[in-house]
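One structure is given here, and the rest of the page talks about it.
The values are calculated or read from the model by the stated rules, or taken from the named source; none is laboratory data. Keep in mind that this is a model prediction, so the values were computed, not measured. Neighbour counts run over all protein chains shown; Cβ positions are idealised from the backbone, glycine included.
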């Protein structure tokens with residue numbers, strides 16, 4: 001699997017249909033680390049035209065997923081928990097960047113942290129998550 005070929009592109013070949021819906025750009029990926037970016041669209045916002053908290057959690061979960069995918073395990077992982085601190089809002093039309101790093105990859109549990117920034121480097125949210133290995137084989141990410 002060559003994830004590098006997707007860097008700089010809007011992802012549309014994610015095994016996650018939610019990830020494809022987000023229309024994020026894979027900015028950087030290496031073993032245990034992933035950076036994604038996206039523009040906040042109107043359907044992602046709350047009544048104040050800031051990103052909805054649930055959408056921010058979705059972006060974080062997707063970014064964390066790509067950090068785990070970068071480990072190239074043949075098995076799927078699923079989220080056990082996701083703890084998010086919402087620190088600052090971001091408006092519709094603005095772009096955010098989510099950076100996720102694997103802190104520890106054990107035999108069954110992977111611990112990951114994520115930080116989300118706006119383009120002025122303001123920290124919008126931070127999160128930690130534990131994921132557990134499942135018995136299911138991971139879908140291959142298309143090489144196109």
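Overview of values
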item	result
Filtered residue count, segment 32-45, keeping only those that are farther than 18 Å from residue 124 by Cβ, in contact with a strand residue (DSSP E or B) (Cβ under 8 Å, 6 or more places away or on another chain) and not in a strand (DSSP E or B)	1
Verdict on residue 111 being closer than 14 Å to residue 56 by Cβ and free of Cβ contacts under 8 Å to residues at least 40 places away in the same chain	no
Some residue of segment 52-60 being over 14 Å from the mean Cα position of the chain (by Cα) and within 20 Å of residue 119 (Cβ to Cβ)	yes
Cβ pairs under 7 Å, 6+ apart, first in segment 81-92 and free of Cβ contacts under 8 Å to residues at least 40 places away in the same chain, second not in a strand (DSSP E or B)	86/53; 86/56; 88/122
Any hit, segment 116-139, residues being closer than 20 Å to residue 3 by Cα, surrounded by 14 or more Cβ atoms within 10 Å (Cβ to Cβ) and at pLDDT below 95	yes
